[in-house]
Amino acid sequence: MDVKIESSWKQVLQPEFDKEYFEQLTNFVRNEYKTKLIFPPAPLIFNAFDQCPFDNVKVVIIGQDPYHGVGQAHGLCFSVNDGIAFPPSLINIFKEIERDLNIQMPKSGNLIRWAQQGVLLLNATLTVQAHMAGSHQGKGWEKFTDAVIQKLATEKEHLVFMLWGSYAQKKGAVINSAKHLILKSVHPSPLSAYRGFIGCGHFSSANNYLKANGIAEINW
């Protein structure tokens with residue numbers, strides 16, 4: 001199957017695109033876009049990959065579902081378009097960056113600037129129906145994003161994986177901690193952020209690890 005995605009990812013993921021489950025997933029997603037309001041806009045489904053080629057990946061942050069409110073999702077986990085109010089989890093991410101690295105909260109919640117430095121902002125499910133969280137779970141996206149994580153974990157080394165919450169930690173169970181840095185904490189959502197996300201130090205830890213391995217740090 002021919003999928004419009006950045007060329008280095010296309011090469012790495014073509015075996016997945018040729019599998020039967022991915023064809024079924026594609027048919028489902030196409031039909032959903034024709035008949036319902038689905039986020040992100042269709043051209044941005046693979047935006048996380050397009051903004052961060054396979055060869056450039058340094059850090060992987062795993063989210064669950066795209067935002068399901070109008071104008072929020074643009075294909076990068078936790079990120080929102082310019083001019084959109086920060087969702088609660090994103091506020092807590094910026095709070096921890098401020099606490100950890102003394103970087104003030106930005107004006108925009110658009111994280112493309114991270115992606116372009118090598119941060120893959122990967123949701124487990126890449127599409128969602130408007131105002132219906134989890135509506136596209138169990139359709140094949142999780143199998144696809146598991147394959148993405150597997151490829152990164154086996155074909156690259158010295159990556160930083162940020163696994164926030166039990167869902168991300170289960171998804172990251174295949175990662176070899178001898179080859180990569182695995183950072184775990186509770187999820188940054190308001191329900192759990194003050195039980196260990198605020199204070200986790202993941203952003204300085206990531207930069208220290210990258211620097212120690214001769215890799216340019218991320219300007220968070």
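Modelling each spin label as a point 7 Å along the Cα-to-Cβ direction, I'd like the ALA130/LEU101 distance in nm, to one decimal.
3.5
Calculate for the chain the 222 nm mean residue ellipticity that helices alone would give, adding -39,500 (n - 2.57) per DSSP H run of length 4 or more and normalising by residue count, nearest 500 deg cm²/dmol.
Result for the chain: -11000 deg cm²/dmol, rounded to the nearest 500.
Where only protein heavy atoms count, and the probe is 1.4 Å, what is the accessible area per residue for the chain in Å²?
46
Give, as ranges by residue number, the residues of the stretch 127-146 whose backbone N falls under 19 Å from the point 7 Å along Cα→Cβ of SER189.
127-139, 142
Between GLN24 and THR154, what is 0.36 nm times their sequence separation minus the Cα-Cα distance? Round to one decimal in nm.
44.1 nm
Using alpha carbons only, how many angstrom separate the centre of the stretch 1-55 from the centre of the stretch 116-157?
Spelled out, the Cα-based centre of one part sits 10 Å from the other.
List, in order, the whole-Hz ³J(HN,Hα) value for each residue of the stretch 110-117 obtained from phi through the Karplus relation with A = 6.51, B = -1.76, C = 1.60 and θ = phi - 60°; use x for Gly and Pro.
Going residue by residue, I get 7, 9, 4, 4, 6, 4, 6, 9 Hz, with x marking Gly and Pro.
If I take every Cα pair under 8 Å that is 6 or more residues apart in the stretch 1-121, average their sequence separation and divide by the length, what percent do I get for the relative contact order?
26
Under the Karplus relation 6.51 cos²θ - 1.76 cosθ + 1.60, θ = phi - 60°, what is the ordered set of whole-Hz ³J(HN,Hα) values for the stretch 6-11, x standing for Gly and Pro?
These are the phi-based 3J(HN,Hα) values: 3, 4, 5, 5, 4, 4 Hz.
Quote the accessible area belonging to MET105 in square angstrom, nearest 10, computed with a 1.4 Å probe and with ligands, DNA and RNA left uncounted.
70
Give a residue-ordered list of calculated ³J(HN,Hα) values for the stretch 134-144 (Karplus: 6.51 cos²θ - 1.76 cosθ + 1.60, θ = phi - 60°; whole Hz; x for Gly, Pro).
The phi angles translate into x, 5, 10, 6, x, 9, x, 4, 4, 5, 5 Hz.
Quick one: with all protein chains in place, what share of the accessible area of the chain is carbon or sulfur, to the nearest percent (1.4 Å probe)?
Working: 5130 of 10020 Å².
The computed percentage sits at 51.
Under a Cβ-Cβ cut-off of 12 Å, what is the net charge of the residues other than LYS156 that fall near it, where Lys and Arg count +1 and Asp and Glu count -1?
0
Can you classify the stretch 119-179 as rounded, prolate or oblate using the Cα gyration tensor, where a ≥ b ≥ c are the square roots of its eigenvalues, rounded means a/c under 1.5, and otherwise it's prolate if a/b beats b/c and oblate if not?
prolate
Mind putting together the pair-distance distribution for the chain? All Cα pairs, 10 Å bins, whole percent per bin, short to long.
Per 10 Å bin, starting at zero, the Cα-Cα P(r) for the chain comes out as 8, 35, 39, 16, 2, 0 percent.
Give the Cα extents of the stretch 148-213 along the principal axes, in whole Å, largest first.
Extents along the principal axes: 35, 25, 15 Å.
Around GLY140, under 14 Å between beta carbons, what's the net of Lys plus Arg minus Asp minus Glu among the other residues?
Values: positive: LYS19, ARG30, LYS139, LYS143; negative: GLU16, ASP18, GLU20, GLU23, GLU32, GLU142, ASP146.
For residues surrounding GLY140, the net value is -3.
Per 0.36 nm of contour for each residue apart, how much would the distance between VAL174 and ALA42 grow if the chain were fully extended, relative to their Cα-Cα spacing?
Residue separation times 0.36 nm, minus the Cα-Cα distance, leaves 44.6 nm.
If packing is taken as the average number of other Cβ atoms within 10 Å across a peptide's residues, how do 91-100, 137-146, 20-29 rank, most packed first?
Highest-to-lowest ranking by the protection proxy: 91-100, 137-146, 20-29.
Would you pull out the residues with amide H under 5 Å of GLU6's amide H, same chain only if 5 or more places away, H placed 1.01 Å from N?
Long-range HN contacts for GLU6: ASP50.
Which aspartates and glutamates does LYS143 reach when only Cα atoms under 17 Å apart count, and residues fewer than 8 places away in its own chain are ignored?
Straight-distance partners of LYS143: GLU16, ASP18, GLU20, GLU23, ASP65.
State the antiparallel share, in %, of DSSP beta bridges confined to the chain, rounding to the nearest 5. Don't jump to the answer; show the numbers that get you there.
On the way: 3 of 16 bridges.
Here the share of antiparallel DSSP bridges comes out near 20 percent.
Check which residues have an amide H placed less than 5 Å from GLY63's amide H, if you skip close sequence neighbours.
It is LEU122, ASN123, ALA124, by chain and number.
The values are calculated or read from the model by the stated rules, or taken from the named source; none is laboratory data. All values derive from a computational prediction rather than experimental measurement. Backbone-built Cβ (ideal geometry, glycine too); neighbour counts: all protein chains shown. For the accessible areas, the whole protein counts, side chains as well, though only heavy atoms, and no ligand, DNA or RNA atoms are used. Shrake-Rupley method; radii C 1.70, N 1.55, O 1.52, S 1.80 Å.
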